[in-house]
Amino acid sequence: MAARALSRLAVHVTLVDRRNFHLFQPLLYQVATGALSPANIAAPIRSLLKREKNVRVLLGEATGVDAERRLLLLSGGELPYDTLVVAAGVRHHYFGREDWERLAPGLKTIEDATEMRRRILLAFEKAERETDPLQRRALLTFIVVGGGPTGVELAGALSEIAQHTLRGDFRAIDPSEARVLLLEAGERILPTYSPDLSARAMRALERIAVGVRTSTRVTELADGAVTVRHGETGETLRAATVLWAAGVKGSPLGASLAASAGASLDGAGRVLVGPDLALRGHPEIFVVGDLAARNDDAGRPLPGVAQVAMQQGRYVAKVVGARLSGSPPPPPFRYLDFGSMATIGRGAAVADLRIARFNGFVAWMAWLFLHLMYLVQFANRLLVFVQWAWSYLTWNRSARLITGTDRQ
């Protein structure tokens, strides 16, 4: 978004990314659960920017920033800049237990999504061959850690796979006997939503056989087992598949900005930015998107959603344009909040659009429409619409492919 907005100015723009595609992360969970293919929610960056003649795209991995010399450090060299916009995002947060990543993958990249898909589908395949009832039960138990939107959407999709998509596909097992557990350390799921919408989401999950446990904290992970604590009570749950949706932390580029430019970081490693999204003492460096830590007018942290990043990208272009023309700078960045949505399953979602809160089928249809519109290419919108329509009519998830190798 920043590159497109800057392309309208008399500047030379270089976009550096370690991937050659733009990814629509909100639909990654649908790749992880076999509803969509990776290409449905991604688009080549060069194709997106080919008409922006003053924008150059480079494939490379940014490893750090030398703020004093104004250099972006790359894995294969360095790149000078006059103005730097950092939008490196976030990654999974295991709260000091990085060894858990091997046992419970998070969901931030296409590789994460296909790895989740592999583990989910392999669990059913292994259960088909398993003769030990206890081990079979563990194979058919799926635990999602984290009750935010990603966790809720994952848990709902997992239940639909077990209850409907795989019905009749196996001979030795009944997939509908699978257990899906959603664990949330806080008092309620969807904690950023209103209490009534959280309660409605919880009831909707329970209707599709998802077991929801709030105030339940994971204290240990091991192969095939999750140890949790609820109050003073501890318990070990046997589960072959554990999926992580419990937190995020800033990209390592945030730490580089702290070391090189004196930037301050919050507890999750995100960069504290000023009212114009620039670093204090370094007005030429902007941080936008999930990596930027900024509060709204009410003192609440801005949410890590696509709308925030898109609006910040456009805002930075306005700031740069004002500097080039010598015009007064725009007023401090303010996020225009259009609301939040989370889907729970077929025909079920919750929506908080500020002017109205609703749930059920209407919220689900609104969620479908808005997510289609956020896909950057028309071809992607058309393909996803056809896939969703077919899935709605048949319960089928056509991208149920087991690919890749074991990360464990």
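Does region 206-229 include one or more residues that are farther than 26 Å from Thr114 by Cβ, surrounded by fewer than 17 Cβ atoms within 10 Å (Cβ to Cβ), modelled with pLDDT of 95 or more and of a type in the set (A, V, I, L, M, F, W, C)? Looking for residues that are farther than 26 Å from Thr114 by Cβ, surrounded by fewer than 17 Cβ atoms within 10 Å (Cβ to Cβ), modelled with pLDDT of 95 or more and of a type in the set (A, V, I, L, M, F, W, C), one finds none in region 206-229, hence no. Tell me, yes or no, whether region 330-342 has at least one residue that is part of a helix (DSSP H, G or I), buried (at least 17 other Cβ atoms within 10 Å of the Cβ) and outside the structural domain of Ala199 (by TED's automatic domain parsing). Within region 330-342, not a single residue is part of a helix (DSSP H, G or I), buried (at least 17 other Cβ atoms within 10 Å of the Cβ) and outside the structural domain of Ala199 (by TED's automatic domain parsing). Can you find, within region 264-297, the residue that is modelled with the lowest pLDDT among those that are of a type in the set (A, V, I, L, M, F, W, C) and under 20 Å from the mean Cα position of the chain (by Cα)? Filtering first and then ranking leaves Ala268.
Reported count of residues in region 83-100, each being closer than 16 Å to Gly247 by Cβ, in a loop (DSSP other than H, G, I, E, B) and out of contact with any Lys or Arg (no Cβ under 7 Å at 6 or more places or on another chain), is 5. Evaluate the following for Ala349: is it at pLDDT 95 or above, closer than 28 Å to Val210 by Cβ and surrounded by 19 or more Cβ atoms within 10 Å (Cβ to Cβ)? Judged against the criteria, Ala349 is a match. Under the condition of being in contact with a helix residue (DSSP H, G or I) (Cβ under 6 Å, 6 or more places away or on another chain) and β-branched (Val, Ile, Thr), the residues counted in region 208-252 number 4.
Scanning region 48-72 for residues that are without any contact (Cβ under 8 Å) to a residue 40 or more places away in the chain and either farther than 20 Å from Arg4 by Cβ or assigned to a helix (DSSP H, G or I) (or both) yields a count of 2.
Scanning region 1-16 for residues that are under 22 Å from the mean Cα position of the chain (by Cα) and surrounded by fewer than 18 Cβ atoms within 10 Å (Cβ to Cβ) yields a single hit, Val16. Kindly check whether there is at least one residue in region 138-145 that is assigned to a helix (DSSP H, G or I), out of contact with any Pro (no Cβ under 6 Å at 6 or more places or on another chain) and not aliphatic (A, V, I, L, M). No, region 138-145 contains no residue that is assigned to a helix (DSSP H, G or I), out of contact with any Pro (no Cβ under 6 Å at 6 or more places or on another chain) and not aliphatic (A, V, I, L, M).
Taking the criterion of being under 16 Å from Leu154 (Cα atoms) and among the β-branched types (Val, Ile, Thr), the residues of region 28-64 that qualify are Val31, Thr33. Residues that are buried (at least 24 other Cβ atoms within 10 Å of the Cβ) and among the acidic types (Asp, Glu) within region 126-164 comprise just one, Glu153. Of everything in region 283-326, what is surrounded by fewer than 19 Cβ atoms within 10 Å (Cβ to Cβ) and part of a strand (DSSP E or B)? Give them in sequence order. Scanning region 283-326 gives Pro283, Glu284, Asn295, Pro301. Note on region 73-107: among residues that are out of contact with any Gly (no Cβ under 9 Å at 6 or more places or on another chain) and among the basic types (Lys, Arg), the one that is surrounded by the most Cβ atoms within 10 Å (Cβ to Cβ) is Arg97.
Here the condition is being farther than 13 Å from Val13 by Cβ and touching a His at 6+ places or on another chain (Cβ under 8 Å); of Ala42, Ala88, it holds for Ala42 alone.
For region 183-202, does any single residue satisfy the condition of being assigned to a loop (DSSP other than H, G, I, E, B), within 18 Å of Ala138 (Cβ to Cβ) and in contact with a Ser or Thr (Cβ under 9 Å, 6 or more places away or on another chain)? The answer is no, given that none of the residues of region 183-202 is assigned to a loop (DSSP other than H, G, I, E, B), within 18 Å of Ala138 (Cβ to Cβ) and in contact with a Ser or Thr (Cβ under 9 Å, 6 or more places away or on another chain).
The values are calculated or read from the model by the stated rules, or taken from the named source; none is laboratory data. Here the structure is a predicted model, which means the values were calculated and not measured. Cβ sites come from the backbone with ideal geometry, for glycine too, and all protein chains shown count toward neighbours.
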